[in-house]
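The values are calculated or read from the model by the stated rules, or taken from the named source; none is laboratory data. In this text, all values refer to a predicted model and were calculated from it rather than measured experimentally. Here the Cβ positions follow ideal geometry from the backbone for every residue, glycine too, while neighbour counts run over all protein chains shown. Heavy atoms of the whole protein, side chains included, go into the accessibility calculation; ligands, DNA and RNA do not. Shrake-Rupley method; radii C 1.70, N 1.55, O 1.52, S 1.80 Å.
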Amino acid sequence: PRYRPDWASLDARPLPAWFDRAKVGVFVHWGVFSVPAWGSEWFWWHWQGQHDAAYESFVRRRFPPGTTYAEFAPHFTAHDFQPRQWAQLFQRAGARYVVLTTKHHEGFTNWGSPVSWNWNSVDTGPHRDLVGELGEALRESNLRYGLYHSLMEWFNPLYLADKQNDFKTQSFVLKKTMPELYDLVLKYKPDLIWSDGDWEAPDSYWNSTSFLAWLYNDSPVKDTVVVNDRWGRGCSCRHGGFYNCADKYRPGTLPEHKWEMCSSLDRLSWGYRSNMSLPEVMDEMSVIEELVQTVSLGGNYLLNVGPTKEGVIVPIFQERLLALGRWLDTNGEAIYESQPWRVQVENTTDTVWYTSKGPVVFAIFLLWPRDNVLHLSSPIPSPGTQVTLLGFAGTLEWQIQPGTGMLITLPYMLPSPLPPQSGWVVKLEGVK
């Protein structure tokens, strides 16, 4: 069926199955904001939109008088950007898809956009097509490619004029936003479009529904492409493909609609900050906790890194991504292609979460029990119930605890002054 350019029709499109199966993605925030590398990727806005005193004094201390944001662009060199290394890292992290910022709210495009003259990565800065190079490397590694794109640009005169007119005019959309979106789709054939920057104007201003109708009906990716929910003021959590709802969104209960949680390894920023300190970086345990809670509640987990202006993913980010990958090597069976179970989290504790695959149930426990006995109150065992621990050979002994599920005897852990550091998975076969 052809989709009409209205939400009733577009929202009825089934989400391509690859997205729900994938579960784990990596987000990359990279742009001219990686040059000052301070505060956050909203640097330009805090500095010259809000005249934030901390940002103004940072620029005074570090840069010559009269410096403009545009003068940062030549320093966005990407000298050390090796797309194949990135792709390899993301693959080892267990990601099944990667989303790159093609353009943030600053308007600088990471490809040679024909409607962003001199404010793009081919005309200035790296003099490279960053979007294309990464896409090629990811596809060689069999990873799906998503493109983040901001609808708005803080200081674009065309956008500011439309805003002045209460968004009754559409010069910016017709001359900038839409040409770029069509260009991205036709040139790079993305698996996912991660839209953002939608909150100031309604979707009718952005022409979102006609773009999505074209995307779903006639584009080269019409059968495989997935989109999020940021297509105009009030669309979030209501319209589009999967829902993001808000950054770092955590629903308390199982949502009815497919969703994704985006989170960042640097707790304070999405773009790279040169003054980031260790306590501000998520530890391995927090990453695994977020992943497990998200997937149990039917979501996908999109974990962000901000590369440096040279294109380096700093070692601490690499280390965290590789730790996640090692965890998934052992426990991925409970994550990839899983479904939420009838119970998502053990009602007596928030440290045991469930996923399922057909008749098989996985109980993911985030804390190792002191006495090596895991108490699960939700599964109903049968005489044929079999219990295994992922990453451990052999079956585990269990017994019925009258009226409240089962007690599972875990393998003996060597004594250590520190509690062991990440989640484990018991696989339950033959339970209800």
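222 nm [θ] for the chain, helices only, -39500 (n - 2.57) per DSSP H run of 4+, per residue, to 500?
After summing the helix terms and dividing by residue count, I get -7000 deg cm²/dmol.
Are there GluC sites (Glu not before Pro) in the stretch 247-317 that DSSP marks as loop and that have at most 11 other Cβ atoms within 10 Å, and which are they?
When the GluC sites (Glu not before Pro) of the stretch 247-317 are filtered for loop state and at most 11 Cβ neighbours within 10 Å, GLU256 remain.
Of the DSSP beta bridges with both residues in the stretch 222-310, give the percent that are antiparallel, rounding to the nearest 5.
10
With all protein chains present, how much of the accessible area of the chain (probe radius 1.4 Å) comes from carbon and sulfur, to the nearest whole percent?
53
If you filter the stretch 334-432 for GluC sites (Glu not before Pro), then keep DSSP loop positions with at most 12 other Cβ within 10 Å, what is left?
GLU397
Percent antiparallel among DSSP beta bridges with both residues in the chain, to the nearest 5?
Antiparallel bridges: around 50 percent, rounded to the nearest 5.
If we count every other residue with Cβ under 13 angstrom of TRP117's Cβ, Lys/Arg +1 and Asp/Glu -1, where does the sum land?
Surrounding charge for TRP117 is 0.
Taking a probe of 1.4 angstrom, what is the accessible area of ARG61 in Å², to the nearest 10?
150
Roughly speaking, what is the stretch gain from LEU278 to ASP371, that is 0.36 nm per residue apart minus the C-alpha to C-alpha distance, in nm to one decimal?
30.2 nm
Whose amide H sits under 5 Å from the amide H of SER356, counting only residues 5 or more places off or on another chain, with H placed in the peptide plane?
Answer set, sorted by chain and number: GLN339, TRP341, PHE362.
Counting other Cβ atoms within 10 Å, keep those with at most 16, restrict to DSSP loop, and tell me which trypsin sites (Lys or Arg not before Pro) in the stretch 151-226 are left.
LYS168, LYS222
Stokes-Einstein diffusion coefficient for the stretch 273-412 at 37 °C in a medium of 0.692 mPa s, Rh from the Kirkwood formula over Cα pairs: what value in µm²/s?
Taking Rh from Cα pairs, D becomes 194 µm²/s.
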